[in-house]
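The values are calculated or read from the model by the stated rules, or taken from the named source; none is laboratory data. Keep in mind the model is a prediction, meaning the values are calculated, not measured. Here Cβ is always computed from backbone atoms with ideal geometry, including for glycine, and neighbour counts include all displayed protein chains. Heads up: the accessible areas ignore ligands, DNA and RNA and are worked out on the full protein's heavy atoms, side chains in. Shrake-Rupley method; radii C 1.70, N 1.55, O 1.52, S 1.80 Å.
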Amino acid sequence: MKGNITLTMIKPTAMEKGYAGKIITRVLEAGFKLKAMKMLQLTKSQAMEFYGIHTGKPFYDDLVKYMSSGPIIAAILEKENAVEEYRKLIGSTNPEKAEKGTIRYDYGTNIQANAVHGSDSDENAIIESNFFFSHLERLK
Ligand code: CMP
């Protein structure tokens, strides 16, 4: 059975450019429900842990530095088949390759500053949601 939650982050550049409100509106208009949301700045070690599955990849160190460089918004989104549906809404990882009308096409800057993160599997959606939110911080 497909899971019904995904974890997103609005990345530092999109925050800096003032796109957060527009991105959240697009997400809600696409039928996702917000189950939890917070604004925070990750420490370097928190960013290292979050992106732990990418340890050793050529872009890892830069990604960690970038993701801890400024405020982000993290949120748990709910919808049927959330991981896949959200990946369709945000588009390809590289904004230059993202389909027209997707969030990364409209608000992404480059492959690192690609506006938003979205979980890549149901399993990671749960791990990533638990990384940011306790049960007290979530709607039932
Ligand atoms: P995200 O959805 O946050 O998940 C991992 C991130 O790594 C991804 O978005 C990109 O920002 C980044 N990333 C993936 N591949 C590359 C790459 N080839 N070069 C730079 N950054 C990358």
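What the table below lists for this structure:
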{"read-out": "Pair list, Cβ < 6 Å and 6+ apart or interchain, from segment 18-35 residues that are buried (at least 17 other Cβ atoms within 10 Å of the Cβ) to residues that are part of a loop (DSSP other than H, G, I, E, B) and modelled with pLDDT of 95 or more", "value": "PHE32/LYS79; LYS35/ARG138; LYS35/LEU139"}
{"read-out": "Residue check for GLU85: surrounded by fewer than 12 Cβ atoms within 10 Å (Cβ to Cβ) and more than 14 Å from ALA113 (Cβ to Cβ)", "value": "no"}
{"read-out": "Flag for TYR66 being out of contact with any strand residue (DSSP E or B) (no Cβ under 7 Å at 6 or more places or on another chain), without any contact (Cβ under 8 Å) to a residue 60 or more places away in the chain, within 11 Å of the ligand (Cβ to nearest atom) and among the aromatic types (Phe, Trp, Tyr)", "value": "yes"}
{"read-out": "Single residue of ILE111, ILE126, ILE90 found to be of a type in the set (Val, Ile, Thr), open to solvent by 70 Å² or more (accessible area, probe 1.4 Å) and either within 13 Å of the ligand (Cβ to nearest atom) or modelled with pLDDT under 95 (or both)", "value": "ILE111"}
